[in-house]
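> Have a look at this one.
Computed from the coordinates by the stated procedures, all read-outs in this text should not be read as laboratory data. These numbers were taken from a predicted model, which means no experiment stands behind them. Every residue, glycine as well, gets a Cβ built from its backbone with ideal geometry; the counts of neighbours run over all protein chains shown.
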Amino acid sequence: MCRINNNKYPIKTISSLKLFKAFRNILFLLIVSILGWGCSTVPITGRKQVSFIPDSEMLAMSFNQYAQFIRNNKVIEGTKDARMVKRIGQKISKSVEGYFAQKNMAEHLKGYDWEFNLIDNKQVNAWCMPGGKIAFYEGIMPVCQDDNGVAVVMAHEIAHAVARHGNERMSQQLSVQLGGMVLSEALEKEEETTKNLAMAAFGLGAQVGYLLPYSRTHESEADELGLYFMAMANYDPRGAPEFWKRMNSEAGARPPEFLSTHPHPENRIKNMEEHMQKALEYYE
Ligand SMILES: [Zn+2]
């Protein structure tokens, strides 16, 4: 007896490991969504968020991509600006770690490995990858103007890392994309999808032609936490609305890259004013 393959598509051999991985992922997502696992709480703001990618995986992916970025781009070393970025980054991250230790929340920052680099690039831009991997582009330094201006951007980026916005964005996207995929598609696209999503979620999406915009929730949360974090390190949080006013006028001249992921300076200034009183309590 012989069987005729009428299928016009060739039969693909799927390795049992790949099959296992795909089943495992889909089962995992299903269980997560049914049981409401993978929910965590953002420190200080108390907002509930989804973040079901294990920290170990998230950090490994992030550190890997950051190292790759640093290899492929020119890092400025030893100049006044480069030292300023490192000094202010260390000062704020130390203050935040101190605060978390004092509140018995040190566990939240476990595995973080802070790094602050100034990149030789005229773009008005700065970003942070999960686990505290931060890049400032040279072009943003004139908008920062001084220590306090650098502290505004730094504290905002540190806030994205502390609030695990990268994990949340990736979790949201993965549940949409993998959840809606049939098994065979997931098998083929899984790795590429995951990689592209990570890039997009970390703010490097432009390199793969796909950018995940920061949600308004993430932006106002990073603005709020950023005020507290800079204040904890003894930088005056009242400098933050001033920075965004400068960024706004920069946008008139030429739209900075920073605004493609950080829109609407006008709206955020109002939000910052609302949290200023609380921020000043951390400052004094
Ligand atoms: Zn932001």
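> First check a/c for region 37-163, with a ≥ b ≥ c the square roots of the eigenvalues of its C-alpha gyration tensor; if it is under 1.5, answer rounded, and if not, answer prolate when a/b is larger than b/c or oblate otherwise.
Because a/c hits 1.5 or more and a/b exceeds b/c, region 37-163 counts as prolate.
> State whether region 95-180 is rounded, prolate or oblate according to the following rule on the C-alpha gyration tensor (a ≥ b ≥ c being the square roots of its eigenvalues): a/c under 1.5 gives rounded; otherwise a/b larger than b/c gives prolate, and the remaining case gives oblate.
oblate
> Ok, one more. Taking K and R as +1 and D and E as -1, what net charge do the other residues with C-beta under 13 Å from the C-beta of Lys94 add up to?
It works out to a net charge of +2.
> May I pose another question? Looking at this model, which pairs from Lys48/Lys270; Lys48/Lys122; Lys48/Lys91 are more than 26 angstrom apart at the alpha-carbon?
Lys48/Lys122; Lys48/Lys91
> I'd like to compare 133-141, 234-242: which one has the highest average count of other Cβ atoms within 10 Å, and what's the full order after that?
On the way: 133-141: 23.2, 234-242: 19.6.
For the peptides 133-141, 234-242, the packing ranking is 133-141, 234-242.
> On to the next question. Would you please classify the overall shape of region 56-124 from the alpha carbon gyration tensor, given that a ≥ b ≥ c denote the square roots of the eigenvalues, rounded means a/c under 1.5, and beyond that prolate means a/b larger than b/c while oblate covers the rest?
Oblate.
> Suppose R0 equals 45 Å; then what is the FRET efficiency for Glu57 and Gln277 from their Cβ-Cβ distance, rounded to the nearest 0.05?
0.70
> Using the per-residue mean of other Cβ atoms lying within 10 Å as a proxy for protection, in what order, highest first, do the peptides 122-130, 243-251, 86-94 fall?
Going from most to least packed, we get 122-130, 86-94, 243-251.
> Which FRET efficiency value, to the nearest 0.05, is calculated for Arg216 and Lys103 with the Förster distance at 25 angstrom and r the Cβ-Cβ distance?
Working: r = 27 Å, r/R0 = 1.09.
The formula returns an efficiency of 0.35 here.
> A further question follows. Quick one: length gained pulling Ile70 to Asp236 fully straight, 0.36 nm per residue minus the C-alpha distance?
Values: separation 166, 0.36 × 166 = 59.76 nm, distance 3.10 nm.
Full extension of this stretch gives 56.7 nm more.
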